[in-house]
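I have placed the structure first, in the form of structure tokens, so that the comments after it can refer back to it.
Values quoted throughout were computed directly from the atomic coordinates according to the rules given, and no laboratory measurement underlies them. Keep in mind the model is a prediction, meaning the values are calculated, not measured. Reconstructed Cβ throughout: ideal geometry from the backbone, glycine too, with neighbour counts over all protein chains shown.
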Number of protein chains: 4
Amino acid sequence: MHIGFLGLGNMGSAIAANLLKGGHPLRVWNRSPGPAAALAGAGAQAAATPAEACEADVVFAMLADDQALREVLLDSGLLARLPPTVILVNMATISVAFAAELAQRAQARGIAYVAAPVLGRPDAAAAAKLNILAAGPDAAIDAVQPLFALIGQKTWRFGAQAQQANAVKLTVNFMLAAAVETLGEATVLAGAHGIAPQQLLDLLTGSIFPGPVYQGYGTLIAQQRYAPAGFKAALGLKDLRLALAAADAVAVPLPVGSAVRDSLLDAVAHNEGGMDLAVLGQVAARRAGR
Amino acid sequence: MHIGFLGLGNMGSAIAANLLKGGHPLRVWNRSPGPAAALAGAGAQAAATPAEACEADVVFAMLADDQALREVLLDSGLLARLPPTVILVNMATISVAFAAELAQRAQARGIAYVAAPVLGRPDAAAAAKLNILAAGPDAAIDAVQPLFALIGQKTWRFGAQAQQANAVKLTVNFMLAAAVETLGEATVLAGAHGIAPQQLLDLLTGSIFPGPVYQGYGTLIAQQRYAPAGFKAALGLKDLRLALAAADAVAVPLPVGSAVRDSLLDAVAHNEGGMDLAVLGQVAARRAGR
Amino acid sequence: MHIGFLGLGNMGSAIAANLLKGGHPLRVWNRSPGPAAALAGAGAQAAATPAEACEADVVFAMLADDQALREVLLDSGLLARLPPTVILVNMATISVAFAAELAQRAQARGIAYVAAPVLGRPDAAAAAKLNILAAGPDAAIDAVQPLFALIGQKTWRFGAQAQQANAVKLTVNFMLAAAVETLGEATVLAGAHGIAPQQLLDLLTGSIFPGPVYQGYGTLIAQQRYAPAGFKAALGLKDLRLALAAADAVAVPLPVGSAVRDSLLDAVAHNEGGMDLAVLGQVAARRAGR
Amino acid sequence: MHIGFLGLGNMGSAIAANLLKGGHPLRVWNRSPGPAAALAGAGAQAAATPAEACEADVVFAMLADDQALREVLLDSGLLARLPPTVILVNMATISVAFAAELAQRAQARGIAYVAAPVLGRPDAAAAAKLNILAAGPDAAIDAVQPLFALIGQKTWRFGAQAQQANAVKLTVNFMLAAAVETLGEATVLAGAHGIAPQQLLDLLTGSIFPGPVYQGYGTLIAQQRYAPAGFKAALGLKDLRLALAAADAVAVPLPVGSAVRDSLLDAVAHNEGGMDLAVLGQVAARRAGR
């Protein structure tokens, strides 16, 4: 299959490289030219425009947000010119509402739209260990599953409505931020009673809270190591905003979500938006004057 | 060593049974006589009064709450009559403030007071797989460690101030309730977008949220199986109250803790206090009219 | 001055009628024709299109929300065709971001854009007793002040950036919803201790909480009179969403705002969005199982 | 009537002085002797002990908190020695639970116990303009009403259970703190959009939020005048703690109450507990990095 790829940030570049390793002809495009040039060195074809990259059987998009995607696919008229044989696979974390709009517009043109946001950071992407959350027309997902197998460890399927995958992704990211906020609050509480953060963390991960979230973010909090960011607080806030919007659309109150959003705003207000999401530990400490 | 044991609820009985299996002479007391009789059948001596049970080298206490402990140990004058050679090991989840008071009163009499709350439910207690959070005088903990080895898989030590172990225990229980509340909110959010609870749960536990909390409570929420209770919502509320009090005492705001407390009050207000903590999933659904 | 008026809901119709009474030639337009016909009976000219209504010296707009305004003014190309001599006075409660966008687009065409959202309900509008919150170019506000004097009791000026008036309006509506939520929580708390709502309300309004908010919404809550709605909960939620968005844009956490938003979502989730904002009292009672 | 008075802080001294002006023989006691000496200069009799002050027909108590009252009345055995002819009028803001306990103990001895917490600050007390919230046996309130008339502008009666008056007082103080927190959040939100605090305040108090709370605390916030304190943030926190405990006892969630409590803890954590409650404005600003 000929593949097009739009958006070569850390995640996109790593995913595209694995598709290339799979032996598929690949056309790549990125707003700034550097990343496309790098992939060209590995055998990809650097496209001059998004439209050129989309001359393919399957088009992957991993752009920054709703706005970037809207500009590249809709405002440009690109989606309206794609042939109905194309399968469009959008891996970005976008809003549920915009995913639904995109799916509807694609469907109106007979194009199969698959939402496939992922769990995993750039290192997991490089190692082809992503968890892929997929939703959209079954046949289309079946068709691209061999490609998903090149980039992820597992594909989780969440229904025929593309936006369902985005709803799940936002739900998981809400849970992630809530766990980090809780870790932050807990660390300050225990710390105020004389417990070293690492002591608490060893107990947590050695008993009822194993797993990468508590281990990873707990370590960053314990070591107050908030930069460089693996996952920026500002992006965590963006995702939480989208999760709250998705909840608002179906009238679901999320009290913990609201509390976490307020803490993330506190971080951004203190110029910590570029720091790692773990900086929620610092927000909790600041609130307690510690 | 001669051991005394006060308080034979589900947890206390299981722990006492393991101490007995270790070959130590054991005197047990409980407010209602049934549990003591059961252990007597296994070789323990049923004491007629708390004081009689305390004629021992080490006294374990696993009473319900601050109030029960205050009545049995302080109001009765029992603590004031214990010989200074006794080591008092309190395993109950009590307030940090009362733990500090008890430690101070014990110390004033030359009695070694060890706080040793545990992580683990009755089945873990029966299997001698508890995680024991210990704080107090080092020598005293060293002395009772052979007994801890009979009942737990690991002893975590948190300092010389007994109440520090209680602070850690309350911190962990706050985190537990926060995780369950978050799971509840997440399940309703995803559900409102057409995702079955079990689908979400499989993803969570199969990716970034492994471990007994998400697996166990997630299953209960997915199956709406809130009774019989493994850990009652009303007890979760009790512990959260104590966590918030411990935070208040050191001026640490816990926004997520506050949100969880409000949800637990909602549960109790709807006669769900006797249900499992997982009923927070039902509270989240009710709030969303689902 | 020739006046154009777009949007004749309850508020718009009452305001337009007062402008008409002031002796100014008035062209009115509304999506559905009924309200324009009614004003035509009083001497206004019913315009067939928004563009026709805008053939005037001053154009007032009182449309429902961002979306309606965007369609009528921007998507239609109307703003781009208005002559630079027009003063555009937007009285609707819209988002700060969209107000800024409108002001900028107007300015780019040399059109004076005045934001003039109001405090007051339809009866205050009919009585020409509105409080008008105005921001925009000083000269333009000076020019329309004689018209404001026909419809309001006072004009409050908030700066040269039009969107500042919107920021103030959203701030006040946030405070209004917060006061009603607080009243609701307080009524349930006191009620659970045997205090009748009216007893509490008499004390509040007779001591430290006089004024229309506590008196008016307090009475509705005390009498559980949630319909017909004076100000719908769904509109309160819309405004709170805009307030939180305005806060988000400048990184200001609003914990009370978040709590109120969650309660309003609870109302909407229970099909109470069409009831009066006072229904927050019912939400508080439901949460407490009362 | 012979009157006894326990507790001569700012409030107690002002109230006692007005009782004295009413021509009643007055015995006063305070932990530190200064205030009693001052009143003695005006004709009161300084009692050497609480018991001596209680040799009276009516005993007023205005002690600091539950703890002070428990020591003076219960731990000392004083209540148990009072003759059943005494009417005990407790004006302090204490917990609902302790008020109920006191009422029950008094009743067991045949003593009439009246709860009479007040609304109003020391200047209102000096001017005999307090609002008195009274609950307890009707006959006893009737009997002391002539005394209440000497110290307050109005007596509000809330039932035969003394603790009901305390529930109302705590409810009102919760509403007060919620209004101040809301003012603080609103001021920061508007301020971040370029609105001066005084501008916002003028609008609020000149339109829908008249009254002493918004005017008084709004001015303090606008001027960032947090010391000296009229009503200390630490006392506001104490009262909110009691309000939340009263709510917990009847399973009433108070989300806004929880949010305000967290902000007050933030204040105390930053050594602002001794500042005026208005410092919640500073907390809101700090959270927003302003």
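Along Cα-to-Cβ, 7 Å out, sits the label point; list in nm, shortest first, how far the one on B:Lys154 is from those in the other copies.
2.4, 6.4, 6.6
Whose Cβ in chain D comes nearest the axis that rotates D onto B, and by how many Å?
Measuring from each Cβ to the axis, the minimum is at D:Ser258, 2.
Tally Lys/Arg at +1 and Asp/Glu at -1 over every other residue whose Cβ is under 14 Å from the Cβ of B:Pro228; what's the total?
0
GNM, chain D, Cα, under 10 Å: largest mean-square fluctuation among D:Ala267, D:Ala245, D:Ala165?
D:Ala245
Karplus couplings for the range C:73-86 from phi (6.51 cos²θ - 1.76 cosθ + 1.60, θ = phi - 60°), rounded to Hz, Gly and Pro as x?
After applying 6.51 cos²θ - 1.76 cosθ + 1.60, I find 8, 9, 4, 6, x, 5, 4, 5, 10, 5, x, x, 7, 6 Hz.
Search the structure for amide H atoms under 5 Å from the amide H of D:Thr93, placed 1.01 Å from N in the peptide plane, and list their residues when 5 or more places away or on another chain.
Excluding prolines and chain starts, which carry no amide H, there are no hits.
When Lys and Arg each count +1 and Asp and Glu each count -1, what net charge do the other residues less than 13 Å away from D:Val252, Cβ to Cβ, add up to?
Around D:Val252, the surrounding residues sum to 0.
Using θ = phi - 60° and the Karplus curve 6.51 cos²θ - 1.76 cosθ + 1.60, what whole-Hz ³J(HN,Hα) does each residue of the range D:115-131 get, with Gly and Pro shown as x?
8, 9, x, 10, 9, x, 9, x, 5, 5, 5, 4, 8, 6, 10, 5, 9
With a ≥ b ≥ c the root eigenvalues of the C-alpha gyration tensor of the protein assembly as shown, is it rounded (a/c under 1.5), prolate (a/b larger than b/c) or oblate?
oblate
Rounded to whole Hz and in sequence order, give me ³J(HN,Hα) for the range A:52-58 from the Karplus expression 6.51 cos²θ - 1.76 cosθ + 1.60, θ = phi - 60°, writing x for Gly and Pro.
Values, residue by residue: 5, 5, 7, 7, 7, 7, 10 Hz.
With equal scatterers on the alpha carbons only and no solvent term, can you work out the Debye log10 of I(q)/I(0) for chain B at 0.09, 0.13, 0.16 1/Å?
-0.46, -0.90, -1.22
Cα atoms only, the range B:167-287: Rg and Dmax in Å?
Calculated on Cα positions, Rg and Dmax stand at 13.9, 44 Å.
Using Cα atoms only, what is the angle between the long axis of helix B:233-249 and the major principal axis of chain B, expressed in degrees (0 to 90) to the nearest 10?
Here the helix axis deviates by roughly 80 degrees.
Using 15 Å as the cut-off for backbone N distance, which residues of the range C:52-71 belong to the label zone defined by a point 7 Å from the Cα of C:His2 along Cα→Cβ?
The answer is C:52-60, whose backbone nitrogens lie closer than 15 Å to the label point.
Report relative contact order for the range A:100-247 in percent, whole number only (criteria: Cα-Cα under 8 Å, sequence separation at least 6).
Computed over the range A:100-247, the figure is 19 percent.
In nm, one decimal, shortest first: how far is the label point of A:Ala68 (7 Å from Cα along Cα to beta carbon) from the matching points in the other copies?
Nearest to farthest, the other copies are at 3.7, 5.7, 6.2 nm.
Could you work out how far helix B:255-269 tilts from the main Cα principal axis of chain B, as a 0 to 90 degree angle to the nearest 10?
That works out to roughly 90 degrees.
Over all residues in C:208-221, what is the mean tally of Cβ atoms on other chains that come within 10 Å of each residue's Cβ?
That average works out to 4.
Give the relative contact order (percent, whole number) for the range C:167-287; include only Cα pairs under 8 Å separated by 6+ residues.
Computed value for the range C:167-287: 40 percent relative contact order.
Average partner chain C-beta neighbours within 10 Å, per residue of D:161-171?
4
Springs between alpha-carbon atoms under 10 Å, Gaussian network over chain C: tell me which of C:Asp65, C:Asp202, C:Asp57 tops the mean-square fluctuations.
Of C:Asp65, C:Asp202, C:Asp57, the Gaussian network model singles out C:Asp202 as fluctuating most.
So how do D:249-258, B:38-47 stack up, highest first, on mean other-Cβ count within 10 Å?
Packing order, densest peptide first, comes out as D:249-258, B:38-47.
How far is helix B:10-21 tilted, in degrees, relative to the longest principal axis of the Cα atoms in chain B, given as a value from 0 to 90 rounded to the nearest 10?
50 degrees
Quick one: which residues, 5 or more positions from B:Arg157 or on another chain, have an amide H under 5 Å from its amide H? H modelled 1.01 Å from N in the peptide plane, none for Pro or chain starts.
B:Ala134
Between copies, how far does the label point of A:Gly274 sit from its twins, in nm, shortest first, when each point is 7 Å from Cα along Cα→Cβ?
4.0, 5.2, 5.8
On a 23 Å Cα-Cα criterion, which of the cross-link pairs D:Lys21/D:Lys232; A:Lys169/B:Lys232; B:Lys238/D:Lys169; A:Lys154/A:Lys238; A:Lys169/A:Lys238; A:Lys238/C:Lys238 come out too long?
Violating the 23 Å limit, Cα to Cα: D:Lys21/D:Lys232; A:Lys169/B:Lys232; B:Lys238/D:Lys169; A:Lys154/A:Lys238.
Give me the percent relative contact order of chain B, please, defined on Cα pairs under 8 angstrom at least 6 residues apart.
This gives 14 percent for chain B.
Nearest-5 percent of antiparallel DSSP beta bridges in the range B:1-131?
5 percent
By DSSP, what percent of the beta bridges with both residues in the protein assembly as shown are antiparallel, rounded to the nearest 5?
Close to 15 percent.
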